[in-house]
Amino acid sequence: MTESGMVLAARELTKVYTRGSEAIRAVDGVSLTIRRGEFVAFMGPSGSGKTTLVNILGCLDNPTGGELDLAGRSIFGGGKSLGERDLTRVRRELFGYIFQNFYLIHTLTVRENVALPLAFYRKPGAEEEVERLLKLLGMEHRMDHLPGQISGGEMQRVAIARALVNRPEILLADEPTGNLDTRRSEEIGEILQELNRNAGLTIIMVSHNPDLARLGGRRIEMRDGQAYES
Ligand SMILES: Nc1ncnc2c1ncn2[C@@H]1O[C@H](COP(=O)(O)OP(=O)(O)O)[C@@H](O)[C@H]1O
Ligand SMILES: [Mg+2]
């Protein structure tokens, strides 16, 4: 974190895919900064580059050009990226991720899914933290259920708890309600807004749903790989 409160700075980020002789500019010169505690929603048509961009911002993908700083540290720049070991650390320490398809492990209980990110380095109080998060998300009555025994909205709550278990600074959410009905989407939206307001979590979200995108104080429209602030 820099003193200005800036947690993310991107300059002229570009991602070009080459398919035969064709170059696809999935992300085409995007510059933006995000301050700590902001809730930023990316909108825009399918194929406009939202997923590619937020994956780069979340260190899940490399840009082909441009620069990215996170928490005052250079991640990509001058054609170079941080090494894989450091990238893994940044992903684990700075980010929590949630996706449209939840990605729960179906043979593990709710409790075990949430504890999964803690499995590689034991921390004191881990079990209590898992229970605290599941209670916060209204899932205390489902802790020993398997994902197959709960609803889609509940699965996304579990995925959110898992994303928070390492106390990230930024939550990255790519179409978090893409598989949910209106009511469940609203509930997830309310949870995200509370986490942003009460816990000061920075949220970077992609959503087609205008009601959900409106929850963020800041909306960015993607078109043909370019970002437009509205
Ligand atoms: N791995 C890939 N290889 C080639 N083209 C890709 C790849 N991933 C995405 N694209 C292309 O990049 C563009 C942006 O895709 P994407 O970021 O998934 O958009 P969105 O999330 O807005 O739907 C699209 O034209 C898509 O076909
Ligand atoms: Mg997408």
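LEU60 contributes about 80 Å² of solvent-accessible surface, heavy atoms of the protein only, 1.4 Å probe.
The accessible surface of region 59-106, taken with every protein chain in place and a 1.4 Å probe, is 46 percent carbon and sulfur.
Counting every pair of alpha carbons in region 1-135, the share spaced more than 25 Å apart comes to 40 percent.
What order, most packed first, do the peptides 46-55, 62-71 have when packing is the mean number of other Cβ atoms within 10 Å of each residue?
46-55, 62-71
Taking a ≥ b ≥ c as the square roots of the eigenvalues of the Cα gyration tensor, region 99-146 is oblate, since a/c reaches 1.5 or more and a/b is not larger than b/c.
Applying Stokes-Einstein at 20 °C and 1.002 mPa s to the Kirkwood radius of the chain, computed over alpha-carbon pairs, gives a translational diffusion coefficient of 118 µm² s⁻¹. Dipole magnitude for the chain: computed about the Cα centre from +1 point charges on Lys and Arg Cβ and -1 point charges on Asp and Glu Cβ, it is near 340 debye. Counted residue by residue at 0.36 nm each, then reduced by the alpha carbon distance between them, the extension gain from TYR103 to ASP211 reaches 36.5 nm. Report the one residue of SER31, GLY78, MET139 whose Cα lies farthest in the direction of the positive end of the charge dipole of the chain (charges on C-beta: Lys and Arg +1, Asp and Glu -1; origin at the Cα centre). Value: GLY78.
Note: relative contact order over the chain, using C-alpha pairs below 8 Å and six or more positions apart, is 29 percent. For region 149-230, relative contact order (Cα pairs under 8 Å, six or more residues apart, normalised by length) works out to 27 percent.
Charges were assigned to the Cβ only: +1 to each Lys and Arg, -1 to each Asp and Glu. The resulting dipole of region 43-88 about its Cα centre is roughly 40 debye. Over the chain, DSSP H runs of length four or greater, each weighted -39,500 (n - 2.57), average out per residue to a 222 nm ellipticity of -9500 deg cm²/dmol. Accessible area per residue for the chain, computed on protein heavy atoms with a 1.4 Å probe, is 50 Å².
The values are calculated or read from the model by the stated rules, or taken from the named source; none is laboratory data. Every value quoted in this text rests on a predicted model; they were computed, and no experiment measured them. Note that we place each Cβ from the backbone using ideal geometry, even for glycine, and neighbour counts take in every protein chain shown. Keep in mind that these areas ignore ligands, DNA and RNA; they rest on the heavy atoms of the full protein, side chains included. Shrake-Rupley method; radii C 1.70, N 1.55, O 1.52, S 1.80 Å.
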